[in-house]
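Below is one structure, written out as structure tokens; comments come after it.
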Amino acid sequence: MKTRVVLLAAGKGTRMKSKLPKLLHPLGGREMILHCLEAAHTIDPHPVVVVGHGSEQVRKAVGDKAVFSEQAEQLGTGHAVLQTKDALEGKADLVVVSSGDLPLLTGETLQKLLETQQKTKGAFSMLVLRQKEARGFGRVKRRSGKVVAIVEEAEATAKELQIDELNVGAYCFNAKWLWPALAKLRPSAKKGELYLTDLLAMAAKAGKKIGTVELVDADESIGINTREHLAEAEAALRRRTNRRWMLAGVTIMDPHSTYIDATATLGQDTVVLPNTMLLGDTHIGEDCVIGPNTVIRNSRVGNACKVEAAVVEHAVMENHVDIGPFAHLRKDAHLGDHVHMGNFGEVKNSTLAAGVKMGHFSYIGDATIGANVNIGAGTITANYDGENKNPTVIEENVFIGSDTMLVAPLHIGKGARTGAGSVVTKDVPAHTVVVGIPARAIRKLEESD
Ligand code: UD1
Ligand code: CA
């Protein structure tokens, strides 16, 4: 049986009160709709996304993860599905329809819906939830146990509002039944929209079978209509992500204050301490200690690293690297094995080879630093002359004395030393000691020094 998935994403999301289309609001570090697509992909590699409001932006965010149907005017969820008819009629036996504003719905749940429909073989199957708090969901009406209608909140009587069986907003339709039925929908009384949910009464009246799947994990049903819902979904997703990593062997001391994006990964026996955010395309190896009070964004951290009270952005740390507290790695900082960077250091667009030590108060920008270089407290690469950014190259085993100003462009040869407080304006040959302002060579060192 061929199954296709349709995601409804044309609505304006008025209740978000936002300039950004609702489904592009980020959740767990990526656009809400990308979570829906991940679930959809477990069934259909090319789901159909119905776009309308903010169509260009939505298409751009989704890219080649789906194909699109345009709903020029947003005349309701039934009308939205109707827009996919040309693309899907005769090409699928089953059509799964879900809302783009249900980002926590999992692929497994969609799969259950599909299996139920394959068993019951009725007009369609739908996902329901029993919950006192209705959150604006449609109420599922039953008569002698059989579902007979979905009543939208806006159209419900006081008595119907009491019903605690809710329509989550995901369905699996028999395509043969769906297309002609959609054509028979009439505008709703209050809003004048074509409600997809009116299909239930239509099927029930015709004596068709309707399958129901009850959602077990209520978190999955968190639909985003307002920013309050968005925060609830964020919290639920965070719980889910943290649980996943703990089950995979990561220690999270305080899950409530640990924010791991859906896209980040961690290795076994890594420990995450409180107030830590691991964002975007971030990958942490095994046996690390990350945090407390740390933000890592789009960065790669190797094994056995320690990152305390630091901000790391678009950077790479190899293995056994130890930074912080109060360290800042900026774009294209690359720290080799066993690099130690202590408090109040900043590294930007620079490579520090294995074993480099910079313990205190330093800025290193646009530099290439060789293995085992010692960078004394307060060292600064003066990389900007007011017009250009200039490079600094420091070869291996150099000893930079405390409070050295390295005025770039500059090349410091192997095994050289600078005296405390020196201002180095000219290249320093290998194994040479320079001191003063501006720094001058005072002696040569033996290779063994
Ligand atoms: C809908 C259901 C409701 C269900 C709830 C739960 C209908 C009529 N109601 O209500 O029973 O409990 O979802 O998720 O279906 N959309 C379009 N085009 C339109 C209108 C909407 O693409 O013309 C899209 C929206 O972008 C959104 C989804 O359909 O992703 C649902 O629309 P929304 O307005 O949020 O419906 P609800 O009021 O939540
Ligand atoms: Ca909704």
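Over the chain, what is the relative contact order in whole percent, taking alpha-carbon pairs under 8 Å and six or more residues apart?
8
Which order do the peptides 422-434, 295-307 take when ranked by the mean count of other beta-carbon atoms within 10 Å per residue, highest first?
The most tightly packed comes first, giving 295-307, 422-434.
Applying the Karplus parametrisation 6.51 cos²θ - 1.76 cosθ + 1.60 with θ = phi - 60° to the phi angles of region 66-80, what ³J(HN,Hα) value in whole Hz is obtained for each residue in order, glycine and proline being reported as x?
7, 10, 10, 10, 9, 10, 4, 10, 8, 9, x, 5, x, 4, 4
Near Ile412, within a Cβ-to-Cβ distance under 9 Å, what is the net charge of the other residues, with Lys and Arg +1 and Asp and Glu -1?
Residues close to Ile412 contribute a combined charge of -1.
Would you tally the net charge around Gly285, using a Cβ to Cβ cut-off of less than 11 Å, leaving Gly285 out, and scoring K and R as +1, D and E as -1?
Around Gly285, the surrounding residues sum to -3.
When you count, for each residue, the other Cβ atoms within 10 Å and take the mean per peptide, how do 108-116, 59-67 rank with the highest first?
Final packing ranking: 108-116, 59-67.
Sorted by packing (mean other beta-carbon atoms within 10 Å per residue), highest first, where do 321-327, 237-243, 154-160 land?
321-327, 237-243, 154-160
Loop only per DSSP, at most 11 neighbouring Cβ atoms within 10 Å: give me the GluC sites (Glu not before Pro) in region 62-97, ordered by residue number.
Here the sparse-neighbourhood loop sites are Glu73.
Work out from phi, with θ = phi - 60° and the Karplus expression 6.51 cos²θ - 1.76 cosθ + 1.60, the ³J(HN,Hα) of each residue of region 313-330, listed in order in whole Hz, and give x for Gly and Pro.
10, 6, 10, 10, 10, 6, 8, 6, 8, 10, 10, x, x, 6, 10, 10, 9, 9
Show me the three semi-axes of the equivalent ellipsoid for region 104-231, from the C-alpha gyration tensor (sqrt of 5 times each eigenvalue), largest first, rounded to whole Å.
Three semi-axes, in Å: 21, 19, 14.
Which whole-Hz ³J(HN,Hα) couplings does region 232-247 yield from phi under the Karplus relation 6.51 cos²θ - 1.76 cosθ + 1.60, θ = phi - 60°, glycine and proline marked x?
Ordered by residue, 3J(HN,Hα) equals 5, 5, 4, 5, 5, 5, 4, 4, 5, 5, 4, 4, 4, 6, 5, 5 Hz.
Give the long-range amide H neighbours of Ile412: residues separated by 5 or more places, or on another chain, with amide H under 5 Å away, using H modelled in the peptide plane at 1.01 Å from N.
Those lying under 5 Å, H to H, from Ile412 are Val393, Ile394, Glu395, Val428.
Local charge sum around Pro47 (other residues, Cβ-Cβ under 10 Å, Lys/Arg +1, Asp/Glu -1)?
+1
Treating only the Cα positions of region 253-385 as identical point scatterers, give the base-10 log of I(q)/I(0) from the Debye formula at each q in 0.11, 0.13, 0.15, 0.17 Å⁻¹.
Those come out to -0.33, -0.46, -0.61, -0.78, one per q.
Which semi-axis lengths, in whole Å and largest first, follow from the square roots of five times the eigenvalues of the Cα gyration tensor of the chain?
61, 20, 17
Using the beta-carbon distance between Val67 and Lys132 and R0 = 51 Å, what value does 1/(1 + (r/R0)^6) give for FRET efficiency, to the nearest 0.05?
Efficiency, from the Cβ-Cβ distance: 0.85.
Considering region 86-143, what Rg and Dmax in Å follow from its alpha-carbon atoms?
Computed over the Cα atoms of region 86-143, radius of gyration and Dmax are 13.6, 40 Å.
A short reminder: the numbers here are calculations on the coordinates, not readings from a lab. Since this is a predicted model, take the numbers as computed values, not measurements. Cβ: placed from backbone, ideal geometry, glycine included. Neighbour counts: every protein chain shown.
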